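Student: Could you have a look at this structure, given as structure tokens, before my questions?
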Amino acid sequence: MTTLGLLLMFAFNFKDIHTYGNVDEVRTTHLSLELALDFDKKVITGSTTATLKYAKDKVDHVDLDTDGLTISSIKDAKGNSYRYELGKKTGYMGTRLRVFLNGKKPEKLTIKYTTDPGAEAVQWLGPEKTTSGKYPFLFTQSQSIFARTWIPCMDSPGVRVTYDAVVKVPKGITPVMSAEHGKHDKAKGIYRFKLDKAIPPYLIALAAGELAFKEIGPRTGVYAEPAVVEKAAWEFADMEKMVIAAEKGFGEYRWGRWDAIVLPPSFPFGGMENPLLTFATPTLIAGDRSLVSVMAHELAHSWTGNLVTNATWADFWLNEGYTTYLERRLVEMIYGADIATMQKILGQGDLRGSIADFNKQNLPGDTILHVDLKGRHPDDGMTDIPYEKGANMLLMLETHFGRKDFDAYLNTYFDTYAFQSITTEEGLAFMKKELFKGDDALWKKLKIQEWVYNEGLPANLVIPKSDKFKITSAAAKTFAKTGDLKVVNKDWITVEWLDFLNALPQKVDADKLAALEKAHNLNKVGNSEILFAWQMVAIRNTYKPALQSVEDFLSRMGRRKFLKPLYQALHDNPKTRDFGAKVYKKVRNTYHPISFNTIDKIYPQ
Ligand code: BES
Ligand code: ZN
């Protein structure tokens, strides 16, 4: 690394309160992983070799983040051992690992360790939880601060690393990572990966199981269990088109390939933007490609999030707000303006709902884009606010400046900050200079400070209109009043159903719900988003004939976005509270730690 590079690396002074790393003195720049997967013991054993760059002449120690790791040795490249000390485990922060350098400045430190079977990033699934039932499965989810539960590292999005890995697996298991494939020795179960682009540690990802692969285009393809791969490839057939559209709008795709892996149903998210390899929930497989905007979202992260990354978790809206905005631009390019507009409107509905909820809970501070996470887990900031308020601010800017200028700004933003992590302040300073050309009066007029640092919704929000939603919203009112099923159209597409169901009043009579359910078979609908929206209506109205379907849904998938509101609704309604508790008790152990830790707050165990 050049002196300039080193200077740049340490130049930006921001404090990430969610890492123990002494990042002002020393930084990790590369991680070399050697990992063996033990499915019987549910542990990963191996080593991480961290390459270090020092900012000062004298550095006493290196502090790394760990959580639940059992360390057996720490050595430099020559084999010298280093004294180390594990601090006290402090809640979600995990345990500080301090390595004393003893006057030396080793370029590399190799840490040998074993993970804990309860590591939060890792879910181990027995064969019975896979479709074939023949092999176990494992996947990791490191965002936001769970990388430390399987890799000792400076677990901050502001500390970027390249990485390589050697992964040893039992017979029949194929591992994949968020990286390029190296030379595999399949007979020996040894697989190699390498990523020479610097990423934040939360993007290091591993999945392993009985995997098949199906190509979609020259740069795209899907991994999944053999029984799922055909359906998955059909559902995600537009992946190649998405990359082409994205490059047209946002500039070169800089990661090489874009593959996806469809994970078992316990995957706690819709999608996760692991570089080169998006992780996806099988609940996206609707059979009609209607939920692939999640894939567009994860692809968009290849620009916003993975290329330009939030420096701290308080800046999370730089990742998700920009990405949600780009997602809808992609949807517009591929599926048309009509659908994109309807998705914007649904998003705005979610946003208004969230703001109302936060105000009701007396947490108006959580409606601020640049959120205060002091004393809290970064995942507490994973709400509709960074996604939807962020996207709406960008939509407002697009509307004011016009697409030509706004897109030019976006493209320079990506070029300027490629492979860097930035704070909200830096992002705004750049915006003011490049997009506003320094115009203070306009900056005030467009209320940028208010958008980013104030509660609630600024008055210059842009409200998109859809003729199709006029029909569905009106249908909801008519149907709730009269029970007239003729206003409900069986040919509605997914977004229209969602608008209709969301627009139903709080109270709907049981006989009307019964008629609606019967006419459209809602308890059995295969589309997970529609099923979810229906179940929310059913629960708040204590519509008993839907409860079996709620139990089935809660038992067959672990996506937190669905689980949390469903359990919350079951709990909020005194007539369904015990039912929710009973279901949760039965299926809690099938959920990923990230999901059950969230639901435990609703139904304490
Ligand atoms: N990066 C997020 C998922 C995430 C955020 C995981 C914070 C852990 C902490 C991902 O890109 C995402 O937003 N997924 C959404 C889908 C999207 C279309 C809104 C999801 O999983 O529902
Ligand atoms: Zn996202």
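Derivation of every value follows stated rules applied to the coordinates shown; laboratory data play no part. Worth saying up front: this structure is predicted, and the values here are computed from it rather than measured. Cβ: placed from backbone, ideal geometry, glycine included. Neighbour counts: every protein chain shown.
Student: From the phi of every residue in the range 39-54, what ³J(HN,Hα) in whole Hz does the Karplus formula 6.51 cos²θ - 1.76 cosθ + 1.60 yield, where θ is phi - 60° and glycine or proline is x?
Tutor: Result, ordered by residue: 6, 6, 7, 6, 9, 9, 10, x, 8, 10, 9, 9, 8, 10, 10, 9 Hz.
Student: If I take all pairs of Cα atoms in the range 82-232, what percentage of them are more than 20 Å from each other?
Tutor: Beyond 20 Å sits 58 percent of the P(r) for the range 82-232.
Student: Pick out the long, greasy-scoring helices in the chain: whole DSSP H runs spanning 24 Å or more along their own axis by Cα, mean Kyte-Doolittle at least -1.0.
Tutor: 316-335, 337-360
Student: What are the extents of the Cα atoms of the chain along their three principal axes, in Å, largest first?
Tutor: 80, 63, 48
Student: Suppose we keep just the DSSP beta bridges with both residues in the range 156-291; what percent of those would be antiparallel, to 5?
Tutor: 70 percent
Student: Now a separate question. Please list the non-local residues whose amide H lies under 5 Å from the amide H of Val161, H modeled 1.01 Å from N, same-chain partners needing a gap of 5 or more.
Tutor: Excluding prolines and chain starts, which carry no amide H, the hits are Ile199.
Student: More than 19 Å apart: what percent of Cα pairs in the range 1-144 qualify?
Tutor: Summing the P(r) tail past 19 Å for the range 1-144 gives 59 percent.
Student: So if I average 1/r over every pair of distinct C-alpha atoms in the range 397-505 and take the inverse, what Kirkwood radius in Å does that give?
Tutor: 17.5 Å
Student: Provide, as a two-decimal number, the C-alpha radius of gyration of the range 232-340 over 2.2 N^0.38 Å, N being how many residues it has.
Tutor: Compared with the compact-globule rule of thumb, the range 232-340 sits at 1.01.
Student: While we're here: If the viscosity is 0.890 mPa s and the temperature 25 °C, what translational diffusion coefficient in µm²/s does Stokes-Einstein give for the range 74-161 when Rh comes from Kirkwood over Cα pairs?
Tutor: Answer, rounded: 159 µm²/s.
Student: Hey, what did the range 387-469 get for relative contact order, percent, Cα under 8 Å, at least 6 apart?
Tutor: Taking the mean separation of contacting Cα pairs over the length of the range 387-469, I get 39 percent.
Student: Now for a separate question. Given the alpha-carbon gyration tensor of the range 450-551, what are the semi-axes of its equivalent ellipsoid in whole angstrom, ordered largest first, with each equal to the square root of 5 times an eigenvalue?
Tutor: That gives 28, 17, 13 Å for the three semi-axes.
Student: Would you please name the trypsin sites (Lys or Arg not before Pro) within the range 487-533 that are DSSP coil residues with at most 15 other C-beta atoms within 10 Å of their C-beta?
Tutor: For trypsin sites (Lys or Arg not before Pro) across the range 487-533 that sit outside H, G, I, E and B with at most 15 neighbouring Cβ atoms in 10 Å, the list reads Lys490, Lys507.
Student: Let me ask something additional. Taking amide H atoms as placed 1.01 Å from N in the peptide plane, list the residues 5 or more away in sequence, or in a different chain, whose amide H sits under 5 Å from that of Arg289.
Tutor: Correct list: empty.
Student: Would you mind ranking Ile463, Ile111, Ile334, Ile17 so that the residue whose beta carbon has the fewest other beta carbons within 10 Å leads the list?
Tutor: The order, fewest Cβ neighbours first, is Ile463, Ile17, Ile334, Ile111.
Student: Work from the charge dipole of the chain (Cβ charges, +1 for Lys and Arg, -1 for Asp and Glu, about the Cα centre) and give the residue of Phe10, Val222, Ala212 farthest towards its positive end.
Tutor: Ala212
Student: Using the number of other C-beta atoms within 10 angstrom as an exposure proxy, rank Arg560, Arg219 with the fewest first.
Tutor: Fewest-to-most ranking of Arg560, Arg219: Arg219, Arg560.
Student: Take Lys389, Lys104, Lys404 and order them by how many other Cβ atoms sit within 10 Å, fewest up front.
Tutor: Lys404, Lys104, Lys389
Student: Compute log10 of I(q)/I(0) for the range 347-450 with the Debye formula, placing one identical point scatterer on every Cα and leaving out solvent, at q = 0.13, 0.17 Å⁻¹, to two decimals.
Tutor: One equal scatterer on each Cα of the range 347-450 leads to -0.57, -0.93.
Student: Something else: Suppose we take every Cα in the range 518-605 and form the convex hull; what volume per residue is that in Å³?
Tutor: Output value, Cα hull per residue: 81 Å³.
Student: Express as a percent, rounded to the nearest 5, the fraction of DSSP beta bridges in the chain (both residues included) that run antiparallel.
Tutor: Taking every DSSP beta bridge within the chain, about 75 percent pair in antiparallel fashion.
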